[in-house]
Amino acid sequence: MKIYSNTADVIYDLHKQGFTNDFCIVGNDLLWIQENLFIRMGEFVIVEYHRIEESIVFGIIALHHNIKGILLNRPKSNSKNISPVLVKKLNELNNLQALTQKNFD
């Protein structure tokens, strides 16, 4: 995985890969900013993420809507906590990566 020094570089690279939509987390759902449409937890996956200083940049695919986008998350400065939904999705991604790596070893 590429190492980035700032969020602008991450976002630029994700845009080049087709992650052109914007998301924000609202409760347990994503809000697709361009369409003002809520996307349920089961309708998206995190395919990559990058922690840069106080921010986490997520590359997300919303499977049922056939779109790719970016979620920029800045956990509260006094806490390292992120949304439980994002934690669950990150665990799914990490489990998939571990399984994939195990199959190639």
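The values are calculated or read from the model by the stated rules, or taken from the named source; none is laboratory data. Nothing here was measured: the structure is a model prediction, and the numbers come from that model. Cβ coordinates were reconstructed from backbone atoms using ideal geometry, including for glycine residues, and neighbour counts include every protein chain displayed.
Each row is one residue, and each column tells you yes or no for (1) modelled with pLDDT under 95; (2) touching a strand residue (DSSP E or B) at 6+ places or on another chain (Cβ under 7 Å); (3) among the polar types (S, T, N, Q).
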{"residue": "Ile3", "(1), (2), (3)": "yes, no, no"}
{"residue": "His15", "(1), (2), (3)": "no, no, no"}
{"residue": "Ile25", "(1), (2), (3)": "yes, yes, no"}
{"residue": "Asn28", "(1), (2), (3)": "yes, no, yes"}
{"residue": "Arg74", "(1), (2), (3)": "yes, yes, no"}
(message) Quick check on the stretch 33-45: of everything there that is in contact (Cβ under 8 Å) with a residue 40 or more places away in the chain and surrounded by fewer than 18 Cβ atoms within 10 Å (Cβ to Cβ), which residue is farthest from Lys68 (Cα to Cα)?
(response) Met41
(request) Just give me the residues in the stretch 16-32 being more than 19 Å from Ile82 (Cα to Cα) and surrounded by fewer than 13 Cβ atoms within 10 Å (Cβ to Cβ), in sequence order. (result) Lys16, Gln17, Gly18
